[in-house]
Amino acid sequence: MRLSVAFRHAHRSQASISRPRAGVKVLKPENRFIPANTAVSHLWVRESSTSGTSETATLASFKSHPRKNDGPLYESAVGDIVQRSREELRAVRETNPDLKPTLAIIQADEDDALLEVNKKMAGKIGLDVMQICLPHQCTEEEVIEEILRLNEDCRVHGIFLHLPQSFLSKSVRNAIKPQKDVDGVSDLNVGRVVLGDQRDGFVSPVTGAVLEMLARHDAPLVGKMAVLLGVEGPLKATLQFLLQNNGMMVQTCQWSSKNLQKRIMDSDVVVLVESGHKSLPPTWLRPGVAVINLSSALMEEHPDSWEHRAEAESGARVGPLSAAIRMQHVVRSSMRWIQEQQYQPWRLRPLKLQPLSPVPSDIEISRAQTPKPISQLAQEIGLLPEELEAYGKTKAKVHLSLLDRLQHQPNGKYVLVAGITPTPLGEGKSTVTIGLVQALSAHLKLNSFACLRQPSQGPTFGVKGGAAGGGYAQVIPMEEFNLHLTGDIHAITAANNLVAAAIDARILHEATQSDKALYSRLVPSINGVRRFSPIQMARLQRLGINKSDPSDLTQEEVKAFVRLDLDPEKVTWQRVVDTNDRFLRKITVGQANTEKGHSRQTQFDIAVASEIMAILALTDGLADMRARLGRMVVGSSRSGQPITADDLGVTGALAVLMKDAIKPTLMQTLEGTPVFVHAGPFANIAHGNSSVLADKLALKLVGEDGFV
């Protein structure tokens with residue numbers, strides 16, 4: 001077991017365990033019956049006495065007469081669960097050797113005996129434990145903040161709130177992601193228990209321990225009366241339902257309830273949680289009654305009671321048994337997580353079309369259809385919630401981590417829709433593509449994905465119009481598809497024009513400053529220290545200068561490093577704008593007085609024709625995109641040497657601007673089938689697809705028999 005602790009206190013020592021007391025038959029030799037203000041959890045059975053003295057004796061005078069087979073009975077219960085959990089973990093690790101199921105424990109203050117029991121149980125099964133130690137006076141907001149962080153940590157498969165009951169408010173309990181709620185305290189998991197659907201949830205380990213103990217007891221449960229004394233919250237709801245589901249009659253009451261003695265005396269099973277210094281008089285218990293004290297399986301309200309708990313903990317049965325069940329839940333949570341990572345069959349729910357005659361305009365058709373929420377579509381095609389980055393209700397970015405998750409999934413079939421008859425209004429490629437996937441997915445029930453380019457706003461506002469398809473074969477919502485979408489083209493515009501700005505600024509500074517001044521600007525002294533950045537080290541290596549200390553460079557080396565010597569007449573990089581603005585086709589820049597007469601002629605291109613758009617369409621990942629951006633040639637020096645974005649030192653900035661644009665955007669057709677929208681026109685004509693990444697993601701998602 002690997003144990004990681006965010007903040008750790010010293011352990012309290014565990015006291016020795018007293019021998020059982022008289023008049024009580026216990027199912028574990030070292031268990032004992034003690035007043036309710038002393039923490040112990042166990043099952044014991046009250047027997048009638050032949051001497052007649054035990055019926056009226058005080059609780060402290062009871063003697064214990066355990067049955068021979070009771071000790072092994074409950075040891076075997078824990079052993080069976082531990083063994084099953086080990087086998088399940090071993091089986092899942094055979095195909096997933098890197099899996100390390102982890103239980104995260106959020107605790108207030110220091111370790112106590114109950115926590116030690118859980119950590120030892122985790123070690124027996126082979127789980128890792130992560131402890132988050134908060135101050136005892138921590139706030140609800142601090143607890144929720146830790147829970148939300150653990151919810152998003154893929155290494156954590158279970159969250160255990162080892163906190164006083166007063167901390168476990170509804171907000172805290174429901175902050176836990178149900179898949180990681182191995183204690184079954186969230187409303188969703190409690191509701192699943194009550195509805196009888198426990199396939200995707202977890203039952204409280206304490207409830208499971210009670211049922212396990214009663215199931216191994218000799219007497220049948222059907223028709224018996226159970227009293228839940230002092231049991232509250234989700235534990236009460238699940239216990240009451242599951243006991244009733246096993247054929248028992250259940251009464252719930254508090255220590256202050258009226259007629260408490262009569263209820264106890266009429267019961268066959270008493271399940272209690274201690275409250276203050278109240279005790280259960282032995283005269284209330286009729287012969288044969290089973291008593292289960294849950295207190296040692298629950299966190300005490302006051303830390304000063306932990307020493308008392310330590311005295312009894314090793315003899316407790318509900319504590320270790322519930323800990324074993326909790327660890328079993330962690331193992332099964334990790335198994336479910338592994339299953340979620342596998343390819344999931346599609347459960348696509350197509351949207352119905354109601355064609356009209358005569359056919360309305362494209363925009364009227366688009367607005368008449370109500371798209372399904374994009375999160376619903378993502379779930380239908382097997383995307384995980386953490387792989388989706390929503391931009392409103394109808395579009396979302398898809399994370400590239402999907403490629404790692406489905407790396408062993410065979411690709412689907414790849415279909416290219418092409419055309420060679422261009423017209424001012426387009427060729428119909430998008431309409432044919434969307435019509436095909438609607439027919440395949442919505443009508444033939446075959447997995448299919450459309451991959452389209454994001455339209456440029458230039459043609460959209462020109463004679464051609466949008467590129468969402470047409471008629472009853474469209475991507476919806478049309479306005480969002482045709483206009484800003486998720487801002488990818490804007491990101492390309494910003495990145496492209498950043499390079500253009502860096503080019504002109506470098507030409508100006510090299511023309512107006514000395515080598516020493518340029519060197520001081522490029523390699524400034526920060527807190528008295530000068531050092532090269534990684535991109536500058538790469539430039540030094542390209543120049544054949546194998547030095548890492550800025551003070552070691554000679555004057556000739558400094559000159560070669562700081563001067564790109566770009567020829568203004570040979571700059572090939574243009575500024576871009578995503579609008580058809582004919583008056584920007586040829587312009588003069590640098591006419592302000594601050595540019596000191598360094599003007600030159602240049603031009604604007606349309607944004608989607610930028611080389612950065614071509615890189616976005618061809619790249620297969622963030623690192624590859626950064627490398628490709630760095631190799632872009634922006635012009636030539638006066639000596640004829642090519643100058644790249646890496647030479648300008650802007651590659652990192654470009655990658656940051658493009659970090660979201662690299663993710664394809666998920667949308668839908670009029671019939672609710674999936675569409676990836678990525679990259680744009682013009683720059684990707686040569687290779688003839690929208691983007692390599694969108695194609696790769698779609699080929700994995702459709703499955704081996706699907707179509708992209």
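The values are calculated or read from the model by the stated rules, or taken from the named source; none is laboratory data. Quantities reported herein were computed from a predicted structural model and do not represent experimental measurements. Using ideal geometry, Cβ is built from the backbone for each residue, glycine included, and neighbour counts are taken over all protein chains shown. In case anyone asks, the SASA skips ligands and DNA or RNA and just uses the protein heavy atoms, side chains included. Shrake-Rupley method; radii C 1.70, N 1.55, O 1.52, S 1.80 Å.
Brief remarks on what is shown
- Per the listing 155, 216, 173, the residue uniquely out of contact with any Leu (no Cβ under 9 Å at 6 or more places or on another chain) and not polar (S, T, N, Q) is 155.
Yes/no per residue for (1) touching a strand residue (DSSP E or B) at 6+ places or on another chain (Cβ under 7 Å); (2) more than 30 Å from residue 543 (Cβ to Cβ); (3) surrounded by 24 or more Cβ atoms within 10 Å (Cβ to Cβ):
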site: 646; (1), (2), (3): no, no, no
site: 657; (1), (2), (3): no, no, no
site: 669; (1), (2), (3): yes, yes, yes
site: 678; (1), (2), (3): yes, yes, yes
site: 692; (1), (2), (3): no, yes, no
site: 696; (1), (2), (3): no, yes, no
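- Restricting 227, 222 to those that are β-branched (Val, Ile, Thr) and in contact with a Gly (Cβ under 6 Å, 6 or more places away or on another chain) reduces the list to 222.
- Among the residues listed as 417, 432, 398, 475, the single one being open to solvent by 30 Å² or more (accessible area, probe 1.4 Å), under 18 Å from residue 668 (Cβ atoms) and β-branched (Val, Ile, Thr): 432
- Contact map, the range 605-619: residues that are in contact (Cβ under 8 Å) with a residue 40 or more places away in the chain paired with residues that are of a type in the set (D, E, K, R) and part of a helix (DSSP H, G or I), Cβ distance under 8 Å, separation 6+ or inter-chain. Pairs shown: 616/488; 618/628; 619/628.
- Residues satisfying the stated conditions in the range 343-370, i.e. of a type outside the set (Lys, Arg), open to solvent by 70 Å² or more (accessible area, probe 1.4 Å) and free of Cβ contacts under 8 Å to residues at least 40 places away in the same chain: 354, 356, 357, 358, 364, 368, 370
- Residue within the range 448-466 that is free of Cβ contacts under 8 Å to residues at least 12 places away in the same chain and within 19 Å of residue 366 (Cα to Cα) present: no
- Qualifying residue in the range 206-225 (condition: open to solvent by less than 30 Å² (accessible area, probe 1.4 Å), polar (S, T, N, Q), within 16 Å of residue 292 (Cα to Cα) and not in a loop (DSSP other than H, G, I, E, B)): yes
- Condition met for residue 551 (under 42 Å from the mean Cα position of the chain (by Cα), over 30 Å from residue 609 (Cα atoms) and either open to solvent by 70 Å² or more (accessible area, probe 1.4 Å) or touching a residue at least 60 places away in the same chain (Cβ under 8 Å) (or both)): no
- The range 572-584, residues that are closer than 19 Å to residue 503 by Cβ and over 46 Å from the mean Cα position of the chain (by Cα): 584
- Taking the range 70-179 and the helices (runs of 4 or more DSSP H) fully enclosed by it, the elements with 2 or more residues that are among the small types (Gly, Ala, Ser) are at 70-95, 113-125, 170-175.
- Residue count for the range 346-384, restricted to those that are in contact with a strand residue (DSSP E or B) (Cβ under 7 Å, 6 or more places away or on another chain) and not in a loop (DSSP other than H, G, I, E, B): 7
- If you go through the range 465-501 and keep only what is within 33 Å of the chain's Cα centre (by Cα) and in a loop (DSSP other than H, G, I, E, B), you end up with 468, 477, 483, 484, 485, 486, 487.
- Qualifying residue in the range 577-586 (condition: open to solvent by less than 30 Å² (accessible area, probe 1.4 Å) and either more than 30 Å from residue 453 (Cα to Cα) or β-branched (Val, Ile, Thr) (or both)): no
- Residue among 120, 180, 124 that is surrounded by fewer than 16 Cβ atoms within 10 Å (Cβ to Cβ) and among the basic types (Lys, Arg): 120
- Matching entry among 542, 563 (being open to solvent by 40 Å² or more (accessible area, probe 1.4 Å) and over 44 Å from the mean Cα position of the chain (by Cα)): 563
Every residue, every condition in (1) hydrophobic (A, V, I, L, M, F, W, C); (2) surrounded by fewer than 18 Cβ atoms within 10 Å (Cβ to Cβ); (3) at pLDDT 95 or above; (4) out of contact with any Asp or Glu (no Cβ under 8 Å at 6 or more places or on another chain), yes or no:
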residue: 588; (1), (2), (3), (4): no, yes, no, yes
residue: 593; (1), (2), (3), (4): no, yes, no, yes
residue: 599; (1), (2), (3), (4): no, yes, no, yes
residue: 666; (1), (2), (3), (4): yes, no, yes, yes
residue: 672; (1), (2), (3), (4): no, no, yes, yes
residue: 685; (1), (2), (3), (4): yes, yes, no, yes
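- For the range 230-268, a residue qualifies if it is open to solvent by 60 Å² or more (accessible area, probe 1.4 Å) and more than 23 Å from residue 164 (Cα to Cα), and the qualifying residues are 244, 245, 246, 249, 251, 258, 259, 261, 262, 263, 265, 266.
- Close contacts from the range 74-97, counting a first residue that is over 12 Å from residue 331 (Cβ atoms) and in contact (Cβ under 8 Å) with a residue 24 or more places away in the chain and a second that is open to solvent by less than 40 Å² (accessible area, probe 1.4 Å) and part of a loop (DSSP other than H, G, I, E, B), with Cβ to Cβ under 7 Å and a gap of 6+ residues or different chains, come to 74/27; 74/28; 74/317.
Here's the yes/no breakdown for (1) modelled with pLDDT under 90; (2) out of contact with any strand residue (DSSP E or B) (no Cβ under 7 Å at 6 or more places or on another chain):
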| site | (1), (2) |
| --- | --- |
| 66 | yes, no |
| 74 | yes, yes |
| 85 | no, yes |
| 105 | no, no |
| 112 | yes, yes |
| 124 | no, yes |
| 143 | no, no |
| 148 | no, yes |
| 160 | no, no |
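- Among the candidates 452, 444, residue that is modelled with pLDDT of 90 or more and open to solvent by 30 Å² or more (accessible area, probe 1.4 Å): 444
- Checking residue 353 against (1) more than 35 Å from the chain's Cα centre (by Cα); (2) modelled with pLDDT under 90, the condition it does not meet: (2)
- Hey, residue 435 assigned to a loop (DSSP other than H, G, I, E, B), in contact with a Gly (Cβ under 8 Å, 6 or more places away or on another chain) and without any contact (Cβ under 8 Å) to a residue 40 or more places away in the chain or not: no
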